Amino acid sequence: MNKNQVEGKLKEIGGKIQEEFGDAIDSPTQEAKGKATKVEGKAQKTMGDAQENVEEKLDDAARRRH
């Protein structure tokens, strides 16, 4: 697991909490901010997943050469 995967997941969780809090206090602004943070976190986690996948492929390729 890399930094982007961890930070992205934490942002997703934080965004979900903020979104639900906004819903609970009937604040569309807080809900929207939470949704935006959640989407940002999901994108960062996806980037981290892709990064890890590339690193694994490079490691596999390097092992095959030796």
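The values are calculated or read from the model by the stated rules, or taken from the named source; none is laboratory data. Predicted model, so just to flag it, every value in this text is computed and none were measured. Cβ coordinates were reconstructed from backbone atoms using ideal geometry, including for glycine residues, and neighbour counts include every protein chain displayed. Areas reflect the complete protein model, heavy atoms only, side chains present, ligands, DNA and RNA absent. Shrake-Rupley method; radii C 1.70, N 1.55, O 1.52, S 1.80 Å.
Structure remark: mean-square fluctuation, Gaussian network model of the chain, C-alpha springs under 10 Å; the largest value among Thr29, Thr37, Thr46 belongs to Thr29.
For the chain, the longest principal axis of the alpha carbon atoms and the long axis of helix 3-24 meet at an angle near 10°.
Per q in 0.13, 0.14, 0.19, 0.27 Å⁻¹, report the Debye log10 I(q)/I(0) for the chain, using one uniform scatterer on each alpha carbon and no solvent. Cα-only, vacuum Debye calculation for the chain: -0.45, -0.49, -0.68, -0.95. Applied to the stretch 53-65, the Karplus parametrisation 6.51 cos²θ - 1.76 cosθ + 1.60 on θ = phi - 60° returns per-residue 3J(HN,Hα) values of 4, 5, 4, 5, 5, 5, 5, 4, 5, 5, 5, 5, 6 Hz, with x for Gly and Pro. Full extension of the chain segment joining Gln51 with Lys3 gains 16.3 nm, where the gain is 0.36 nm per residue of separation less the Cα-Cα distance. Taking every protein chain into account, the accessible area of the chain amounts to 76 square angstrom per residue (probe 1.4 Å).
In whole percent, and with a 1.4 Å probe on the protein chains, what portion of the accessible area of the chain is carbon and sulfur? Exposed carbon and sulfur together represent 56 percent of the surface. With each label modelled as a point 7 angstrom along the Cα→C-beta vector, the Ala62-Ala32 pair spans 4.6 nm.
The trypsin sites (Lys or Arg not before Pro) of the chain include none that meets both conditions, a loop assignment by DSSP and at most 10 other Cβ atoms within 10 Å of the site Cβ.
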